[in-house]
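Undergrad: One structure follows; several queries about it will come next.
The values are calculated or read from the model by the stated rules, or taken from the named source; none is laboratory data. Owing to the predicted nature of the structure, the values given are computational and were not obtained by experimental measurement. Don't worry about glycine lacking a Cβ; one is built from the backbone with ideal geometry, like all the others, and counts go over all protein chains shown. Accessible surface areas use protein heavy atoms only, side chains included; no ligands, DNA or RNA. Shrake-Rupley method; radii C 1.70, N 1.55, O 1.52, S 1.80 Å.
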Amino acid sequence: MKIVSISNRKLCKGDFLSKLEDISNSGVDSIYLREKDLPQEEYLKLAEKVLKVCHNCDIYIVKYIGVAKMLGCRNVHLSYQDFIEHQDALKNFNNVSVSVHSLDEAILSQTLGATRLVTGHIFQTDCKKDIPPRGLEYLRSICNGVNIPVYAIGGMTPNNVYTAIENGATGICVMSSLMHTNNVDNLVKSLQNSIF
């Protein structure tokens, strides 16, 4: 099982860069630098710092394709809409991750060159308190409908991770718990061990 860490500096306890460095050393597959509220120039400055301290996992630039190109980062994560609108700008990337919210979006994303998908939210999460989760049947339909890795997002804990994997997910995305924890290594290990 692979783990994607979704960054959120507003939820981070302690120094943000130190937290991301700890996460990059913990055995996660990748970090998505998801500070979408930052203007592009500020995001660029932050991304430069992150790339300097995070060496042991893949870093994905979220939203800002131009920033990824400027920094020579070959991994991007986009909303479905941005992915559709910016096809011409994505030709030289190694990994193109796309957020999808239906089977049709998943299939078209794969057809147009996405290399991985993120879908959810699968379980109840504080990030979307008023929106019902899509659930495991939805996750299974996405995983069965495409031939590229699918990462489940939304309410992932050591108590439910195994059900996402059982229903076809390659891995999971975690934001709040990794930003909050005082012990990144323990949390990552507990997530990894929960599927055995």
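Undergrad: Run Met179 past the list (1) open to solvent by 40 Å² or more (accessible area, probe 1.4 Å); (2) of a type outside the set (D, E, K, R); (3) touching a Cys at 6+ places or on another chain (Cβ under 6 Å) and report the number of the one that doesn't hold.
TA: (1)
Undergrad: If you go through region 44-52 one residue at a time, do you hit one that is among the β-branched types (Val, Ile, Thr) and within 16 Å of Thr115 (Cα to Cα)?
TA: no
Undergrad: Hey, Ile195 hits all of (1) part of a loop (DSSP other than H, G, I, E, B); (2) surrounded by 20 or more Cβ atoms within 10 Å (Cβ to Cβ) but one; which does it fall short on?
TA: Looking at each condition in turn, Ile195 falls short on (2).
Undergrad: Show the residue pairs that are 6+ apart or on different chains and have beta-carbon atoms under 8 Å apart, the first residue being within region 76-96 and touching a residue at least 12 places away in the same chain (Cβ under 8 Å) and among the hydroxyl-bearing types (Ser, Thr, Tyr), the second being open to solvent by less than 50 Å² (accessible area, probe 1.4 Å) and in a helix (DSSP H, G or I).
TA: Partner pairs satisfying both residue conditions: Tyr80/Glu105; Tyr80/Ser109.
Undergrad: Please verify whether Asp104 is surrounded by fewer than 18 Cβ atoms within 10 Å (Cβ to Cβ), part of a loop (DSSP other than H, G, I, E, B) and among the charged types (D, E, K, R), treating the condition exactly as stated. If you could, list the steps in order and put the result at the bottom.
TA: Values: surrounded by fewer than 18 Cβ atoms within 10 Å (Cβ to Cβ): yes; part of a loop (DSSP other than H, G, I, E, B): no; among the charged types (D, E, K, R): yes.
When the stated conditions are applied, Asp104 does not pass them.
Undergrad: Do we find that Val4 is open to solvent by less than 20 Å² (accessible area, probe 1.4 Å), in contact (Cβ under 8 Å) with a residue 60 or more places away in the chain, not charged (D, E, K, R) and not in a loop (DSSP other than H, G, I, E, B) in this structure?
TA: yes
Undergrad: Of the conditions (1) open to solvent by less than 50 Å² (accessible area, probe 1.4 Å); (2) assigned to a loop (DSSP other than H, G, I, E, B); (3) touching a helix residue (DSSP H, G or I) at 6+ places or on another chain (Cβ under 6 Å), Val67 satisfies every one except a single condition; which number is it?
TA: Only one criterion is unmet by Val67, namely (2).
Undergrad: Do we find that Asp37 is surrounded by 16 or more Cβ atoms within 10 Å (Cβ to Cβ) and either among the charged types (D, E, K, R) or not in a strand (DSSP E or B) (or both) in this structure?
TA: For Asp37, the condition - surrounded by 16 or more Cβ atoms within 10 Å (Cβ to Cβ) and either among the charged types (D, E, K, R) or not in a strand (DSSP E or B) (or both) - is not met.
Undergrad: Name, by its number, the condition in (1) open to solvent by 70 Å² or more (accessible area, probe 1.4 Å); (2) polar (S, T, N, Q); (3) modelled with pLDDT under 95 that does not hold for Thr157.
TA: (1)
Undergrad: Moving to a separate point now. Which of the residues that make up region 108-129 are surrounded by fewer than 20 Cβ atoms within 10 Å (Cβ to Cβ) and either under 17 Å from Ile153 (Cβ atoms) or within 19 Å of the chain's Cα centre (by Cα) (or both)?
TA: Once the filter is applied, which keeps residues that are surrounded by fewer than 20 Cβ atoms within 10 Å (Cβ to Cβ) and either under 17 Å from Ile153 (Cβ atoms) or within 19 Å of the chain's Cα centre (by Cα) (or both), region 108-129 yields Gln110, Gly113, Thr115, Gln124, Thr125, Asp126, Cys127, Lys128, Lys129.
Undergrad: Which condition breaks for Lys19 when tested against (1) assigned to a loop (DSSP other than H, G, I, E, B); (2) open to solvent by 10 Å² or more (accessible area, probe 1.4 Å)?
TA: So the condition that Lys19 fails would be (1).
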